[in-house]
1. What is the mean number of Cβ atoms from other protein chains located within 10 Å of the Cβ atom of each residue in peptide A:144-156, rounded to a whole number?
2. Of the options A:Gln134, A:Ala159, A:Thr148, report the single residue whose Cα projects farthest towards the positive end of the charge dipole of segment A:108-160 (beta-carbon charges: Lys, Arg +1; Asp, Glu -1).
3. Given the options B:Val76, B:Thr87, B:Ile159, identify the residue whose Cα lies farthest towards the positive end of the charge dipole of segment B:2-168 (+1 on Cβ of Lys, Arg; -1 on Cβ of Asp, Glu).
4. Under a crude label model (7 Å from the Cα following the beta-carbon direction), how far is B:Asn47 from B:Asp99 in nanometres?
5. Limiting things to C-alpha atoms, what are the Rg and the maximum Cα-Cα separation (Dmax) for segment B:2-168, in angstroms?
6. Could you state how much accessible area is buried at the B-A interface, both sides summed, with a 1.4 Å probe, in Å² to the nearest 100?
7. Let me know the mean shielding of A:134-143 by other chains, meaning the per-residue number of their Cβ atoms within 10 Å of its Cβ.
8. Quick check on packing: order B:125-137, B:69-81, B:46-58 by the mean number of other C-beta atoms within 10 Å, highest mean leading.
Amino acid sequence: MNTRRLLILALLTAFAVACGAGQQPAAAPPSATQSEAHDAAAARQPAPGATTPTATTTPGASPFPSGLPTSPLTPTSRFVERERIVQELTLLQKGLDLSLNAGVRQCDLACRALTSMEKAVEKLCRMAQDDAEQKQCDDARGRLRDATTRVKTECGECAH
Amino acid sequence: MSRWFVFAWLLLAGCSNPQISDVPSTEVMSFLSATQALHRQADIHENANRQGDALAALERIIALPQPRATPEIHEVLADTHARIAETLLKQGKLDKAIDHVRKGLAHAQSPTFFRGHLLEVEGAILEAESKNLRAAGKESEADEKRKAALARLNEAVAIHESVIRHQLGDAGTK
């Protein structure tokens, strides 16, 4: 239950981080792809008075000779693209690490709080003398029971 | 042991993504790292039953040059003062113990685990003081301390309850 919750949280965070990461690197590399696209578009425009070169000037046709990959990625833009993917993966991993760590920290703090709460309730009840103090003790025991259930449900057993 | 999760998380949060945490300063990271090492040292001494050495390691944390105060630094200092106070309580040094609780509370003013823990330790110290006063035949003073201890412990219970609720949401109740 808890592991599944953590996993869902981790995946959601990773997804959010990946989506956010996709924005930035996509904005930087375009300088390369945009200039290539611009070059390609310019190549399709016949210069006034120039002789029309072969198939590359055909509207809608690939600017690359047939037989070569149709992807417009040059070695430079392939490198940029690879860098962008690596960057996204790194961010994704960090997001995953952080959300898992956040889950661990939540349970760790909850467990530490529960341990301290147990000690406080134990002393509270040990020192109770009159009816009012006994009532406080009973009330605190009830709250401790609820807190224990909550922690056990979400975190499993705490390592004391 | 679980204390290391908190320190590790603080360190990871500090170095993983500056957009998610505001703890990237080198001074803060160094302080947290040194604190972790000294807490480990204190663990080793405690396990070998060398309370004095454990205490010395913990007191070195307080004496470390502190970077600008961030919430993480306050948490670490509050936690360390609580641990020192617990160690002093075991040694029967109640005045010094209560002094560390007060110093710790100055670093934990909002209702966090760290404040709740300090109040629980304060309750234990006040209980010990109450017992000493009773043993010395000072009944009314002893009862005053006992009531003060109950008040701190009630406060600790309330804080821990809200910390657990806050950390885990409303799942698992009723």
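The values are calculated or read from the model by the stated rules, or taken from the named source; none is laboratory data. On a predicted model such as this, the values are computed, not experimentally measured, just so you know. Glycine gets a Cβ as well: all are built from the backbone with ideal geometry, and neighbour counts include every protein chain shown. Surface accessibility is based on the protein's heavy atoms, side chains included, excluding ligands, DNA and RNA. Shrake-Rupley method; radii C 1.70, N 1.55, O 1.52, S 1.80 Å.
1. Details: counts 3, 0, 6, 10, 2, 4, 11, 4, 1, 4, 6, 4, 0.
Across A:144-156, the average partner-chain Cβ count within 10 Å equals 4.
2. A:Ala159
3. Looking along the dipole axis, the top candidate is B:Thr87.
4. For B:Asn47 paired with B:Asp99, the spin-label model returns 3.1 nm.
5. In Å, with Rg to one decimal and Dmax whole: 17.3, 60.
6. Details: alone 10090 and 12080 Å², together 18310 Å².
Accessible area lost upon association: around 3900 Å².
7. Details: counts 0, 0, 5, 3, 0, 2, 6, 1, 0, 5.
If you average over the peptide's residues, the count of other-chain Cβ atoms is 2.
8. On the way: B:125-137: 17.0, B:69-81: 21.1, B:46-58: 15.5.
Peptide ranking by packing, descending: B:69-81, B:125-137, B:46-58.
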